[in-house]
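Peer 1: Below are the structure tokens for one structure; questions will follow.
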Amino acid sequence: MQKNTPQTSSDTVFEQEINRVKELGQKQYAHWDNELFIDICKGAAQLCWNSIRKQSNRDKVFAAYMELIREGIGCAYITQSLSSGHYKYLIKNQKTLNKFLGITWKSFLEYCLIKEMPLTISQVPAQQQLDLMVKVWNLGENIRQETPWKGLYILSRAEELPTLTKIEKFLVDTMAPLLRPPAPARWQPPFRVSIIDGSNIHDDFLPGDMHQVAPSVICVHDRRLAGVYGGIFINNEPNTLLLHNQCLGHSQNDDCNIALEFEHSSVKIQSHRVDLTRLGEHHSHLLCSGGQLLVSAVDSQRIWQVVTG
């Protein structure tokens, strides 16, 4: 009579994989964060395992996920986790915004690996899960290597990602409006003036030098605080305002041959006077070929935005 070979229990598989990855991480990375790894194992990893444990390919899929976690921690792509309580709440309340979780994600890759993947991997056909993990990692790592404004904006829109299987379409649809060259402006009346409040970027933000980093993206340097930069995304109304700790990219300012003449609380554009109420003396300005003029004042957190046509 042949003896039946005992099968490894699912709990044992989980524990063995956790131990394998922990030992490898400690050997490979001098700054391995073991406390963070344990937190992820209790939260994201446990949820991922529970979601796929009945699949025939569960061992391969879970090992692949844990490899992403190992490299993510080792490369400092992952800096935080969610608790098991967070995940339980998210399962019941899927549309909960990040601000209600009390967490600020550091990158789109971190968001995908820690929030989206554990919550939704079971919704992906089992035979597609491994390829999807590779795709998410590659796209997320590429975004990290792009100019800072791209990762900043994509992360700000991350909660609009419908599903990981549509991640490529989401990225294309998100970025296209910002990269599309605008039609040349006529710089003729009527002119519309609106105010951008710099305190919505940072409480103490004082606008300084401004430059374009993409057709619809403006980087504004704080003129007093080091490591404080604002992003103004002018494709949206109202404009999207975001804070970052580094300049958002190299200047791509348009060469606009437009006559400007600043006076007290006003500007003449091609000899057309435009009132800039309460501006006083202007500090800096940026002229964009798509028909946008941004003006900062000497003593104000505000930015006056003039739109032609």
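No value in this document is a laboratory result; all are computed from the given coordinates. None of these values were measured; they are calculated from a predicted model. Cβ sites come from the backbone with ideal geometry, for glycine too, and all protein chains shown count toward neighbours.
Peer 1: Could you tell me what fraction of 2.2 N^0.38 Å the Cα radius of gyration of region 191-309 comes to, as a two-decimal ratio?
Peer 2: Against the empirical 2.2 N^0.38 Å value, I get 0.98 for region 191-309.
Peer 1: Along region 242-248, what does the Karplus equation 6.51 cos²θ - 1.76 cosθ + 1.60 (θ = phi - 60°) give for ³J(HN,Hα), rounded to whole Hz, x for Gly and Pro?
Peer 2: 9, 9, 9, 9, 8, 4, 7
Peer 1: For a quick check: sort Thr120, Thr104 by the number of other beta carbons within 10 angstrom, fewest at the front.
Peer 2: Thr104, Thr120
Peer 1: Next up: Would you mind finding the longest exposed-site-free stretch of the chain, with exposed trypsin sites (Lys or Arg not before Pro) meaning DSSP loop and at most 10 other Cβ atoms within 10 Å?
Peer 2: Of all site-free stretches, the longest is 96-185.
Peer 1: Which cross-chain or sequence-distant (5 or more) residues have an amide H under 5 Å from the amide H of Phe262, H modelled 1.01 Å from N in plane?
Peer 2: The answer is Lys268.
Peer 1: Per residue, what volume in Å³ does the convex hull of the Cα atoms of the chain enclose? All intermediate terms of the calculation are to be shown ahead of the outcome.
Peer 2: On the way: hull volume 45.9 nm³, N = 309.
Cα convex hull per residue, to the nearest whole number: 149 Å³.
Peer 1: What relative contact order, as a whole-number percentage, does the chain give when Cα pairs under 8 Å and 6 or more residues apart are counted? If you can, show how the numbers build up before the last one.
Peer 2: Working: 463 pairs, mean separation 41.2, N = 309.
After rounding, I find 13 percent.
Peer 1: Using only alpha carbon pairs under 8 Å that are at least six residues apart, calculate the relative contact order of region 10-177 and give it in whole percent.
Peer 2: So the answer I get is 23 percent.
Peer 1: Another one. Modelled label-to-label distance, Ala63 and Ala183, 7 Å Cα→beta-carbon offset: nm?
Peer 2: Taking the two extended label points, one gets 5.8 nm.
Peer 1: Oh, and also: Who wins for biggest fluctuation among Thr147, Thr277, Thr165 in a Gaussian network model of the chain, springs between alpha carbons below 10 Å?
Peer 2: Maximum among the listed residues: Thr277.
Peer 1: Would you mind checking the pairs Lys60/Lys150; Lys42/Lys106; Lys54/Lys150; Lys54/Lys99; Lys27/Lys88 and listing those with alpha carbons more than 31 angstrom apart? Walk me through the intermediate numbers first.
Peer 2: Working: Lys60/Lys150 33 Å; Lys42/Lys106 21 Å; Lys54/Lys150 38 Å; Lys54/Lys99 33 Å; Lys27/Lys88 33 Å.
Too far apart for the 31 Å limit: Lys60/Lys150; Lys54/Lys150; Lys54/Lys99; Lys27/Lys88.
Peer 1: Moving on to the next point. Given a 10 angstrom Cα cut-off, can you work out which residue in Leu155, Leu36, Leu47 is the most mobile in a GNM of the chain?
Peer 2: Highest fluctuation among the options: Leu36.
Peer 1: Right, another one. Could you give the Stokes-Einstein D for region 10-177 in µm² per second, using the C-alpha Kirkwood radius, 4 °C, 1.567 mPa s?
Peer 2: Reported coefficient: 80 µm²/s.
Peer 1: Assuming 0.36 nm per residue, please report the length gained on full extension of the stretch Lys166 to Glu141 beyond their Cα-Cα distance. Intermediate results must be reported in sequence, preceding the final value.
Peer 2: Working: separation 25, 0.36 × 25 = 9.00 nm, distance 1.71 nm.
Answer, rounded to one decimal: 7.3 nm.
Peer 1: Treating only the Cβ of Lys, Arg, Asp and Glu as charged (+1, +1, -1, -1), what charge dipole size does region 191-308 show about its Cα centre? Round to the nearest 20 debye. Could you put the intermediate results ahead of the total?
Peer 2: Numbers: 7 positive and 13 negative charges, 27 e Å.
Taking the Cα centre of region 191-308 as origin, the dipole is about 140 debye.
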